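A.B. asks: I am attaching a structure below and will ask some questions about it afterwards.
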Amino acid sequence: MDPMASSSDPGSDAGPTVQRYIAETLTPVTTELLSALLDEMPEVPESFMLAWLRGRSGVPGAGAQSLRRKNAALKEELAMLRGRLAAESAAAAAEVKHHSLSFKKQLADLLMTAEIPLVDPPANDPAKERISTDARICSILRGLQGSNVTTEELQAHLQGALADSALSLQTLARCLGPSPASEAKEVEEALVPDKYDLEDKMQLAQFLEKANVRLVRVEFLQKLHREGRRLPRRQEAESAHVRVGDGVRTALATHEEVLGWARGEKTEIGRIVSVSHVWEAREHPDPYGFQLQKLATSGKLRGQDCLFVDYVSLFQFKRLDETQEESFRRAMKNMHVLYAHEHTHTLRIESLTPEGRIKDAWCHGELVEVYDLRSGHVKPVLAADLIQNRTAYHQRGWCVAELQWSSTRSESNRSQEVDSSESDQAGVAPMDPDTFRATVGDRLKFTHRSDADAVMQLQRRVFEEKAASCKALKLSNLSADALAVGLRSLDRYPQLESLAIVRSALTPNLPQLLQVLETKALAKLELDGVNLIEEGARQLAEAFCLSSTLTALTLSNDGAWGVALDLEALMQNATLTQLSLQGSAITQDGASVLLKALQSNTTLARMDLSENDIGMAALAIARAMQEEQVACDVSHPHVELLSLMKYWGESWEHLEQRLTQLLRAHELELDFEHERMGPDGARFLRGAFGQQLQELSLNLKNTELGPGLSFRHH
C-alpha cells in the first residue's frame, strides 16, 4: 500500500515539538542535501543556491541583493547562511534528541516543496533519466516506515548516499532502511529499452503513439520565429494551431496522422526529423531564440517536415499527473529510436548562442516564459536570471549519444549539421563501442557520473543492433579522421554487401579500404568525389580487376580514374554487371578502348559514361549498340541522341557529319515545329546540349514535349 495514502498518519496532529523539528532540523538537512547535489552540476550554482538559502534563512532584505554577483561577498554570504542554518540545526537537535519519523505526510510535503533531484535536477535536460517526485518520496517513506531515526542518523544516511555523487532510488532506499529487493529490480527494469525494429516504419509510429511523443510541424517553428517568440513546453504547445496550406492544423502532428504516414497514406507529414541540440539554460533549452532561428530558416528543412524537439515534443517539468510521467519515462528509455531509425533524419545544432546576442538580451531585459515552481504556473522571467550552461555540444554526453545513434543509419548523410554545406566534411561515421569509450568517453560531461555508463551501454546496444543487420552502408562528407573511424568499424558488419563513400577524404585511408576489399565480399562499391591521387586510383583499379564478388561498381566525379584505370583490364572482370564512370574524365580514346573491350564482354549489362567528353566515340558506341555488336547498354547524352536520330531515319553518314558539327558548335538553332518529339526526345536534347552550348534556340511551336519538361537558354 502507498504509505502516503494512510489515513492513520500520526503527523496530522503533530505537536509543537514535532513542528519545530521539521522547521529547524529537517529543513537544514534538506538544504545541505540540495547544496551537495548542486555542487555536482556542471554549471556554477552559486546564484541558485544563494537564492534558495536566503529564502529559508529568514535574513531580512536578502532578496533585494543581486543574485549574479561573482565576488568574495557572495561566497562570504553563502558561508554565513550555511553556518546559521547549521547552528539552528544543532540547537534543535540538542532539545529534541530522538524523534519518530512516522509522520510521513510532513516529510513528503517538505520534499515535494524542495524538489530535491535524486537522479537529475528538474527541468535541466530532458534527454536524461529522471524519476518522478512521487516515486522518490514513496521510496524514502518505504525505507522509513516503522523506523525511529535520530537527527544525526538521518543526516549520516543522507551524506552517505551522496558520497559517490550518484544518488539513485536504490541507494537512497538502502541508506534509509530496508528496501525490498523487488523494488530495485523494478527500477532497473524500468530503464531497460524496449525492442523496436529500427527499419520498420510502422514500429516507429507505434513507439511515438505508445510513448505519447508529439512531432512539431515545421510551419509552427517558422511562425514562432516570425512572431519573435520562444519554444513552448509540450503542455502549452498542445493547444496551439498553425496554418498549413489552405487550412489550420494543430501545431503538433496527431498520432493518427503519424500512423497514416507509416501506412503510406497521403498525409501532411513529409519527413520525420529529430533535432539534436544543447540546453543553454536549465529552465529552457533556447532562451535567446538562436536555435529556433536556425530551424525556422534552415534550407535543410522542407515543407511538411515534422520535427522531434524534446522541449516541445515531451512533457516537461513540472509534470502534474501520472500519465505525463509515464509518457516521459517511456520516451526517455527508447530515445535512441528517434535518432537511429532508418525512417528518420537528424538535424544537429552544434553552435551555441553568440556571446553578443546573450549580452544584448541581458541588457534589454528580455523575458522568457518558463515554469515557475513557487507559483505553479508558466510565467515570464528574465533570461539573465536563468541558470546558464555554456558547455559545448561535443562535450555533452547526451548530445554525443544522439550524434552516435544517428551515425548508425545506413546512410550517414541523414544526419546533418544545420549550418554545414554539401562540400563540408562535417559528417559522422559509425563508431564501434570500444573506440567510442576509448576516444570519446573520457572527455564527455554529465550531470551525474552514472549517466556515463548509461550512455556507453546504450551506444553499444544501438551500434551492435544496427551493424548486425546492415547490408548497405553509405558514408558521406567525412574528414580523413572520421572516415578512418568508419572503415575500422566495418569489422563489426557481418552482412555488409554494399559500401558507398561519397565526398570524403579517401586518400589517407586507402590502406584501410584495400583491406576492406580483401576481407569483405562486397557486391557493390561506390566511390563518388573522393579526390584520389593517381597512384591511389591505380591501386584500387587493380583490386577491382581481381575482385570475384563485385557486381556493381561506381567511380564518379574524380578525374584520377580517367588516367589510372586500365579500362581493358577492367572489362575482363567476369562478375561486373553494372559500371558507372560518370564524370571520371574518360576521353575519346578511353571510350574507344571501352568499346573494343565491350565487344568481347558478355557480363556487363549497363555502363554510364555521362559527363565525360568522349567526342566522336559516341557515334561508334551508338552504332555498335544499334547493330548489336555489344550486349551492354551505354548511357551518354550524345550516344542517346544519335540513337534517337537514327530511329527517326537519319543515316550513319549524316549523323557523323551532324556530330562533327555539334561538337564544334557553341550556338545552335533547331526547328521542331509540328514535330512529335515526346518526353524522351526532349530529355535527350537537354542532356546532349545542356553543358556544351552557350546558346540554344528552339522552335517548339505545336510540339509535344511531355509533362514537366522545359529548356532554358545558355
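A.B. asks: Among the residues of the stretch 305-326, are any at pLDDT 95 or above, aromatic (Phe, Trp, Tyr), crowded, with 18+ Cβ neighbours inside 10 Å and in a strand (DSSP E or B)?
C.D. replies: For the stretch 305-326, residues at pLDDT 95 or above, aromatic (Phe, Trp, Tyr), crowded, with 18+ Cβ neighbours inside 10 Å and in a strand (DSSP E or B): present.
A.B. asks: Based on this model, can you work out whether Pro354 counts as in contact with a helix residue (DSSP H, G or I) (Cβ under 8 Å, 6 or more places away or on another chain) and farther than 23 Å from Arg461 by Cβ?
C.D. replies: Taking the combined requirement at face value, the residue satisfies it.
A.B. asks: Of all residues in the stretch 237-265, which are of a type in the set (Lys, Arg) and more than 24 Å from Tyr339 (Cα to Cα)?
C.D. replies: Arg243, Arg249
A.B. asks: Continuing with this model, one more query. Tell me the residue from Ala467, Ala383, Ala429 that is under 18 Å from His341 (Cβ atoms) and crowded, with 18+ Cβ neighbours inside 10 Å, please.
C.D. replies: After ruling out the rest, the residue left standing is Ala467.
A.B. asks: Here is a follow-up. When you scan the stretch 416-423, do you find a residue that is free of Cβ contacts under 8 Å to residues at least 60 places away in the same chain, acidic (Asp, Glu) and not assigned by TED's automatic domain parsing to the domain that holds Gly289, even just one?
C.D. replies: No, that holds for no residue.
A.B. asks: Which pairs have Cβ atoms under 7 Å, sit 6 or more apart or on different chains, and link a residue in the stretch 370-386 that is in a loop (DSSP other than H, G, I, E, B) to one that is among the acidic types (Asp, Glu)?
C.D. replies: That search, which allows pairs on different chains as well, returns Leu373/Glu115; Leu386/Glu283.
A.B. asks: Just checking, how many residues over the stretch 463-485 are within 15 Å of Trp405 (Cβ to Cβ) and touching a Leu at 6+ places or on another chain (Cβ under 8 Å)?
C.D. replies: 3
A.B. asks: Right, another one. In this structure, is Asp589 under 30 Å from Glu653 (Cβ atoms) and buried (at least 19 other Cβ atoms within 10 Å of the Cβ)?
C.D. replies: Details: under 30 Å from Glu653 (Cβ atoms): yes; buried (at least 19 other Cβ atoms within 10 Å of the Cβ): no.
Here the answer is no, as Asp589 does not meet what is asked.
A.B. asks: Are any residues in the stretch 260-277 hydroxyl-bearing (Ser, Thr, Tyr) and either under 22 Å from the mean Cα position of the chain (by Cα) or not assigned by TED's automatic domain parsing to the domain that holds Val309 (or both), and if so, which ones?
C.D. replies: Passing the criteria: Ser274, Ser276.
A.B. asks: Please list, ordered by first then second residue, the pairs with beta carbon atoms under 7 Å, 6 or more apart or interchain, first in the stretch 600-627 and small (Gly, Ala, Ser) and surrounded by fewer than 17 Cβ atoms within 10 Å (Cβ to Cβ), second at pLDDT 90 or above and assigned to a loop (DSSP other than H, G, I, E, B).
C.D. replies: Close Cβ pairs (under 7 Å, with a partner that is at pLDDT 90 or above and assigned to a loop (DSSP other than H, G, I, E, B)) amount to Ala605/Thr577; Ala605/Cys632.
A.B. asks: In the stretch 440-448, is there at least one residue being more than 19 Å from the chain's Cα centre (by Cα) and buried (at least 21 other Cβ atoms within 10 Å of the Cβ)?
C.D. replies: yes
A.B. asks: Looking at Ala585, Ala574, Ala569, which is the one that is over 11 Å from Asn612 (Cα atoms) and either outside any helix (DSSP H, G or I) or basic (Lys, Arg) (or both)?
C.D. replies: Ala574
A.B. asks: Can you name the residue in the stretch 389-412 that is more than 30 Å from Leu473 (Cβ to Cβ) and surrounded by fewer than 20 Cβ atoms within 10 Å (Cβ to Cβ) and is also nearest to the chain's Cα centre (by Cα) among such residues?
C.D. replies: Taking the candidates together, the pick is Thr391.
A.B. asks: May I ask you to verify whether Thr602 is over 29 Å from Arg503 (Cβ atoms) and either modelled with pLDDT under 90 or part of a loop (DSSP other than H, G, I, E, B) (or both)?
C.D. replies: yes
A.B. asks: Is it fair to say Gly299 is free of Cβ contacts under 8 Å to residues at least 24 places away in the same chain and either within 21 Å of Val370 (Cβ to Cβ) or under 20 Å from the mean Cα position of the chain (by Cα) (or both)?
C.D. replies: So Gly299 fits the description; yes.
A.B. asks: Looking only at residues in the stretch 334-369 that are of a type in the set (A, V, I, L, M) and assigned to a loop (DSSP other than H, G, I, E, B), which one is surrounded by the most Cβ atoms within 10 Å (Cβ to Cβ)? Explain how you work it out, then say what you get.
C.D. replies: Narrowing the stretch 334-369 to residues of a type in the set (A, V, I, L, M): 335, 337-338, 340, 347, 349, 352, 358, 361, 367-368.
Still in the list and also assigned to a loop (DSSP other than H, G, I, E, B): 335, 349, 352.
Working: Met335: 25, Ile349: 22, Leu352: 19.
Among them, the one singled out is Met335.
A.B. asks: Can you tell me which residues in the stretch 238-257 are of a type in the set (S, T, N, Q) and under 13 Å from Val216 (Cβ atoms)?
C.D. replies: First, pick out the residues of the stretch 238-257 that are of a type in the set (S, T, N, Q): 239, 250, 254.
Within the stretch 238-257, Thr250, Thr254 qualify.
A.B. asks: I would also like to ask the following. Scanning the stretch 472-522 for residues that are surrounded by fewer than 19 Cβ atoms within 10 Å (Cβ to Cβ), touching a residue at least 60 places away in the same chain (Cβ under 8 Å) and touching a helix residue (DSSP H, G or I) at 6+ places or on another chain (Cβ under 6 Å), which turns out farthest from Val428 (Cα to Cα)?
C.D. replies: By that ranking, first place goes to Arg492.
A.B. asks: Taking the stretch 528-546 as the region of interest, how many residues are surrounded by fewer than 20 Cβ atoms within 10 Å (Cβ to Cβ) and either part of a loop (DSSP other than H, G, I, E, B) or not assigned by TED's automatic domain parsing to the domain that holds Cys632 (or both)?
C.D. replies: So the answer is 3.
A.B. asks: Something else: Look through Arg282, Arg271 and report the one residue that is within 26 Å of Thr353 (Cα to Cα), touching a residue at least 24 places away in the same chain (Cβ under 8 Å) and either in contact with a helix residue (DSSP H, G or I) (Cβ under 7 Å, 6 or more places away or on another chain) or surrounded by 16 or more Cβ atoms within 10 Å (Cβ to Cβ) (or both).
C.D. replies: Among Arg282, Arg271, only Arg282 is within 26 Å of Thr353 (Cα to Cα), touching a residue at least 24 places away in the same chain (Cβ under 8 Å) and either in contact with a helix residue (DSSP H, G or I) (Cβ under 7 Å, 6 or more places away or on another chain) or surrounded by 16 or more Cβ atoms within 10 Å (Cβ to Cβ) (or both).
A.B. asks: Between residues in the stretch 549-563 that are closer than 17 Å to Thr507 by Cβ and residues that are among the aromatic types (Phe, Trp, Tyr), which pairs lie under 8 Å by C-beta distance while being six or more apart or on different chains?
C.D. replies: Every condition considered, the pairs that remain are Leu555/Trp561.
A.B. asks: Assess whether Ala574 counts as being farther than 26 Å from Thr507 by Cα and either touching a Cys at 6+ places or on another chain (Cβ under 7 Å) or among the basic types (Lys, Arg) (or both).
C.D. replies: No; evaluated as a whole, the condition is false for this residue.
The values are calculated or read from the model by the stated rules, or taken from the named source; none is laboratory data. As the structure is a computational prediction, the values presented were derived from the model and not from experiment. Every residue, glycine among them, receives a Cβ derived from its backbone with ideal geometry; neighbour counts consider all protein chains shown.
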